[in-house]
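Single-structure report; data block below.
Computed from the coordinates by the stated procedures, all read-outs in this text should not be read as laboratory data. None of the values given here were measured: they were computed from a predicted structure. Don't worry about glycine lacking a Cβ; one is built from the backbone with ideal geometry, like all the others, and counts go over all protein chains shown.
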Amino acid sequence: MTLPYNMPLTQETVAANFKTLRQLGSGAYGTTSLLVDKFDNTIVSKRIDVTAFSDMERTLCMNEIKLIANINHPFIVKYLGSYLEGNVLYILTQYCKGGDLHRYIAQKRKANEPIREERILKWLAQLLSALKYLHKRHILHRDLKSLNILIDSDKSLKLCDFGVSKVLNTTADHTRTVIGTPYYFSPELINGQEYSWPSDIWALGCLTYELATFKTPFDGAKGMQQLVKHIKTSPIPDLPSIYSPELNALFKSMMFHDVRFRLSASELLATAIMQTALRQMLKEAKHRSPTCTVDDGTHEGPHNEYLSTLHDSYEPVRGDNALTG
């Protein structure tokens, strides 16, 4: 996905070619708006106030954005462009029609309708694939939560806002900067240790619990002090019994207090339950693209980013990475 036409990005050119449909949200990073052009192309504009940034910090921000621009993954929101106008940084990204995962969970909670295990597994495969891609490139998300995950028109998930997290912390020691949502904080962050990929995995474990129960694992904590204590010392609860022991074991493997035992995104994708989910996703994709084959992990025909990503994580012959409850 690219911008609909080649143009220099400034506030003037964007205003001349797009109109604001509505504000999508606001938060610690600024405001997010939905824009549309005369051809009905829609994009998202994130408006970030950088008044407090020095000239050097602003330069570092733009350098970070250049790195974000090179990220290309079917389960990560596509970066389209950026520009600095006075004290405001604008980041343009693709628009996902399904809204954010937080809203989806709230709707399911209100309807008292559990999310099917098949759906949870498919979404976990997508998010783990995105994290594997980022971690392989030494990029951490730092703020993985349901609000920062979008649902596309085909019901697939896309990670967003990890780039914003990087931009807003360009002048700090990134790995030591604790940002994000307290309910998703890992024990090592609470203990003042470095932020590294296991903290992203812990946050994904918290999200898994939220998908299964409509609340985070430590929702019962009253106040920050009790929350910190629960994260550091409380046993990890099981998922509801309507979910399989295999899914519960997968969840628990993301929630080890000791980072040495927490599985990486690649290791989690290699587990039997994730391989089964990936195979099912490939079978479904085969119906949409008949030239695709799934038995040997190859595909023919036009290169398809979605299929290629699934094949990258699917290993047809496995027998040693099953998780048990």
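Neighbours of ASN148 by Cβ distance under 11 Å: Lys/Arg scored +1, Asp/Glu scored -1, total 0. For the stretch 196-207, backbone phi angles converted through the Karplus equation (6.51, -1.76, 1.60; θ = phi - 60°) give residue-by-residue couplings of 9, 4, x, 5, 5, 5, 4, 4, 5, x, 4, 5 Hz, Gly and Pro being listed as x. 3J(HN,Hα) couplings calculated from phi for the stretch 62-75 with the Karplus curve 6.51 cos²θ - 1.76 cosθ + 1.60 (θ = phi - 60°) are, in sequence order, 5, 5, 5, 5, 4, 5, 4, 4, 8, 7, 9, 8, x, 10 Hz; Gly and Pro show x.
Between the amide H of GLY25 and those of THR32, distances stay under 5 Å, these residues lying 5 or more places away or on another chain, with hydrogens modeled in the peptide plane.
Percent of alpha carbon pairs in the stretch 11-94 separated by more than 18 Å? That tail contains 46 percent of the Cα-Cα pairs. Amide H contacts of TYR95: VAL44, each under 5 Å away and 5 or more positions distant or on a separate chain (H built 1.01 Å from N in the peptide plane; Pro and chain starts excluded). All distinct Cα pairs of the stretch 101-269 go into the 1/r average, and the inverse of that average, the Kirkwood radius, is 16.3 Å. A cut-off of 5 Å between modelled amide H atoms, ignoring neighbours fewer than 5 places along the same chain, links GLY81 with LEU92.
Local charge for ALA203 was computed over the other residues whose Cβ lies under 10 Å away, with Lys and Arg +1 and Asp and Glu -1, and equals 0. Taking θ as phi - 60° and the Karplus parameters 6.51, -1.76 and 1.60, the scalar couplings of the stretch 220-230 work out to x, 5, 10, x, 5, 4, 5, 4, 4, 4, 5 Hz in sequence order, x denoting glycine and proline. Straight-distance candidates among the aspartates and glutamates for linking to LYS122, with alpha-carbon spacing under 12 Å and chain neighbours fewer than 8 residues away dropped: GLU284.
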